[in-house]
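Here the structure comes first, spelled out in structure tokens, and everything after it is commentary.
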Amino acid sequence: MTAHAWELFIARLLDIGVDAIQGLIRIALIITAAYIVTKLLRAALNRLEQFLIRAAVRRDTATTGTAKRIKTLANVLWTISCGLLWFLVALVSLSQIGVNIGPILAGAGVVGLAVGFGAQHLVRDLVSGFFILLENQIRVGDIAIINGNAGSVEGITFRTVVLRDQAGVVHVFPNGLINTLANATLDWSAYVLDVTLPYWVDTDRVMEIMRRVGTEMKAEKEFASVMLEPIEVFGVDNFTDTTVTIKARFKTVPAQQYLVGREFRRRFKYALPAHGIVISSPPAGASPTPASTALPAS
């Protein structure tokens, strides 16, 4: 080998060495920048998480479940963001050492397309579950009506919602297939009463009895802690030639409406005859007259 050939060979080695060193330096700078970005991203997500928890506290809705939900969403965002960031870092680093990333991107696109077609239902469920948790639509322990099925929510994941009805049957709903969702225990619950009585009964007297029974319940320690407001008697909601319907409502803490409503019905059933209200049909030929609207002293 001639001296000129040796010189060309050594010069090429030096060029390759310089390019390799420059490439390694660029890769190191890219990794350092990505590391700094991950630290900033982690700090930003922590601040966002604390801000959301403080906002829930100011609204007086912060619970252990709320804090866990916010932490779960923050962790999901962190995982997705870090995965995308380091995937980009890997591609850019490969390009710096001379690897053609075009085929890699094309292959990833084909694989992603195939996975997208095969897992489109799973992706739909995950996205729907993310927004169910993000918007706090339902929580574990809530009484909900999902696609016409009512029951207690026993579990919520990014893929499914588990509901158990009064018969003990467990319903599992993929989040992407939830078409209608109603929450009966979000912030507060209500028990609506429709009291149907014979047309000839004195409705003013009956409504006064309802208010008295509701007030007595609100004064008791057992029910004072779950009843948010005294009974609301809306008045005569409907009537026919034989019946009249009085509508009322109780507002309670979440999931306690049935306890209050059923106890009120029991007491109201005994209070009617105790105050001289008879709801059975009057004897044939008798012309019933409403009793006085004044209640006897309790």
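Remarks
- For Tyr199, the requirement of being aromatic (Phe, Trp, Tyr) and under 15 Å from Thr252 (Cα atoms) is not met.
- Whenever a residue of the stretch 131-142 is aromatic (Phe, Trp, Tyr), its partners that are modelled with pLDDT of 85 or more and surrounded by 13 or more Cβ atoms within 10 Å (Cβ to Cβ), lying with C-beta atoms within less than 9 angstrom and at least six residues away or across chains, give the pairs Phe131/Gln137; Phe131/Asn175.
- Candidates Val162, Val201, Val206, filtered to the one that is modelled with pLDDT of 90 or more, aliphatic (A, V, I, L, M) and in a strand (DSSP E or B): Val162
- The set of residues in the stretch 205-223 being within 12 Å of Thr245 (Cα to Cα) and open to solvent by 10 Å² or more (accessible area, probe 1.4 Å) consists of Met207 alone.
- Flag for Val172 being under 30 Å from Asn75 (Cα atoms), of a type in the set (A, V, I, L, M, F, W, C) and either surrounded by fewer than 16 Cβ atoms within 10 Å (Cβ to Cβ) or modelled with pLDDT of 90 or more (or both): yes
- Failed item in (1) of a type outside the set (A, V, I, L, M); (2) surrounded by 15 or more Cβ atoms within 10 Å (Cβ to Cβ); (3) modelled with pLDDT of 85 or more, with Arg139 passing the rest: (3)
The values are calculated or read from the model by the stated rules, or taken from the named source; none is laboratory data. Remember, predicted model here, so these are calculated numbers, not experimental data. Using ideal geometry, Cβ is built from the backbone for each residue, glycine included, and neighbour counts are taken over all protein chains shown. These accessible areas exclude ligands, DNA and RNA; they are computed on the full protein's heavy atoms, side chains included. Shrake-Rupley method; radii C 1.70, N 1.55, O 1.52, S 1.80 Å.
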